[in-house]
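Since the structure comes first, as structure tokens, the remarks are kept for the end.
The values are calculated or read from the model by the stated rules, or taken from the named source; none is laboratory data. In this text the structure is predicted, and so the values were computed from the model without any measurement. Backbone-built Cβ (ideal geometry, glycine too); neighbour counts: all protein chains shown.
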Amino acid sequence: MIQPGAAILGVLGGGQLGQMFVQAASRLGYGVWVYDPDPDAPAAQVAARHFCQPFADQGALAAFCAGVAAVTVEREQVPLSTLTFCAGRVRLRPGLEALRIAQDRRLEKQFFQRLGLPTVPFAIVSEDRDHQSAARIPFPAILKSAQDGYDGKGQVNVPSASELPAAWEQLGKRPAVLESRITLQQEFSLILARERGGMTVFYPLVENRHRQGILDYSIVPAHVPENIPAQAHAWALAIAKALDYVGVLAVEFFLDSEGRLLLNEMAPRPHNSGHFSIDACVHSQFDQQVRALVGLPLGETRLLSPVLMQNLLGDLWLDDKIDWEAWLRHPQVKVHLYGKKEARRGRKMGHLNILAESREAALRTAESLF
Ligand code: ADP
Ligand code: MG
């Protein structure tokens, strides 16, 4: 165990997830060094030190690893060579294999398939000659770049098989996964934390609403068919076990129009849809990330109150729809901002955690605030 109080932890990536990791770590007395090539990385504002270097800079990486007791990631899109370099020098959690799979949609989908877990119909498109076999899945479809996609970025609609070559061109002929576009009844996510040795804790299932590929809001408790939570738990646990996972793992699910649960994707880190846990649970997903990393016992995940997490996108700034007064005056609204200087459309600037007596009351409050 890395004793709380003085040790330095490292985080690769300095977005808002990294920022909230730093905040959780500092409550347990850990200092955090952040490694991110972006000079404006939100996590750098709160970190003890910011390595503002390219991920390929081995000298800087070596200095980073030499100063920290353990390293984690705030996003999976850190080059595998960087992760491998760090893993050779210092404790890296989650482990290399989990990160390798999670950063490539092709590997991720094949991994789910190997475990016998259902996904939407898909085909792997790594080169031109894959088009013919890929055209056999049901259309319309979505071509998703294998790497670097987030918030619906790196995704191209493919209405029919004949449009696949053009879509592939539009994606820059990058390796990709072609997925059938299904009618979604609902979307869920499940976040777990697992410590070395296998002890696992789960957060309650989250119900997610997306808009244009970006998470709009999340509600807990989720409104779900009876059999769904047990299935989601079993699948998420199977994934975590197969990876011998240590850390926080988020798993995204689809419920199709026939009420079947399907796996969408996983994230080897805290997740946007888990931000409710900061204000509505005994311990947050970031608290667990710290604990799993250093080897402290995991905390209780119990929900203290129904909650709605509303993302605040840059659009609100650009369209002049910010109402600090109303948000801050509301007794059950917690405002979280990431300190990003520039508002852009679709950019996550912060979020609100709206606590309420019930799921329905949380929805009503959210409606009244926007
Ligand atoms: P990201 O890495 O950007 O989160 P996702 O694969 O989760 O990528 O896609 C983002 C959102 O787009 C999903 O949450 C869902 O709302 C929608 N979506 C993705 N894939 C499909 C699909 N096969 N059918 C229907 N909707 C989809
Ligand atoms: Mg997603």
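Inside the stretch 271-330, can you point out the residues that are in a loop (DSSP other than H, G, I, E, B), under 25 Å from Phe21 (Cβ atoms) and either among the charged types (D, E, K, R) or in contact with a Gly (Cβ under 6 Å, 6 or more places away or on another chain) (or both)? Answer for the stretch 271-330, where residues must be in a loop (DSSP other than H, G, I, E, B), under 25 Å from Phe21 (Cβ atoms) and either among the charged types (D, E, K, R) or in contact with a Gly (Cβ under 6 Å, 6 or more places away or on another chain) (or both): His283, Glu300, Arg302. Screening the stretch 170-221 for residues that are closer than 30 Å to Asp244 by Cβ and among the small types (Gly, Ala, Ser) and picking the one that is surrounded by the fewest Cβ atoms within 10 Å (Cβ to Cβ) gives Gly197.
Pairing residues of the stretch 77-97 that are within 12 Å of Cys65 (Cβ to Cβ) with residues that are part of a helix (DSSP H, G or I) and of a type outside the set (A, V, I, L, M, F, W, C), at Cβ distances under 8 Å and at least 6 apart in sequence or on separate chains, gives Leu83/Arg100; Phe85/Gln58. In the condition set (1) closer than 16 Å to Val282 by Cα; (2) in contact with a helix residue (DSSP H, G or I) (Cβ under 6 Å, 6 or more places away or on another chain), Pro204 is compliant with all but (2). Going through Arg196, Arg211 one at a time, which residue ends up being assigned by TED's automatic domain parsing to the domain that holds Leu262, within 16 Å of ligand 2 (Cβ to nearest atom) and more than 16 Å from the chain's Cα centre (by Cα)? Within the list Arg196, Arg211, the selection yields Arg211. Annotation: Cys65 fulfils all but one of (1) within 19 Å of Asn264 (Cα to Cα); (2) more than 15 Å from ligand 1 (Cβ to nearest atom); the unmet one is (1).
What's the total number of residues in the stretch 262-285 that are over 18 Å from Ala240 (Cα atoms) and away from ligand 2 (no atom under 13 Å from the Cβ)? Break it down stepwise before answering.
Taking the stretch 262-285 first, the residues over 18 Å from Ala240 (Cα atoms) are 272-273, 275-284.
Within this subset, residues satisfying the condition of being away from ligand 2 (no atom under 13 Å from the Cβ) are 275-284.
Qualifying residue count, the stretch 262-285: 10.
Given the structure, is Phe122 within 12 Å of ligand 1 (Cβ to nearest atom), over 28 Å from Met309 (Cα atoms), over 25 Å from the mean Cα position of the chain (by Cα) and among the aromatic types (Phe, Trp, Tyr)? Answer is no for this residue.
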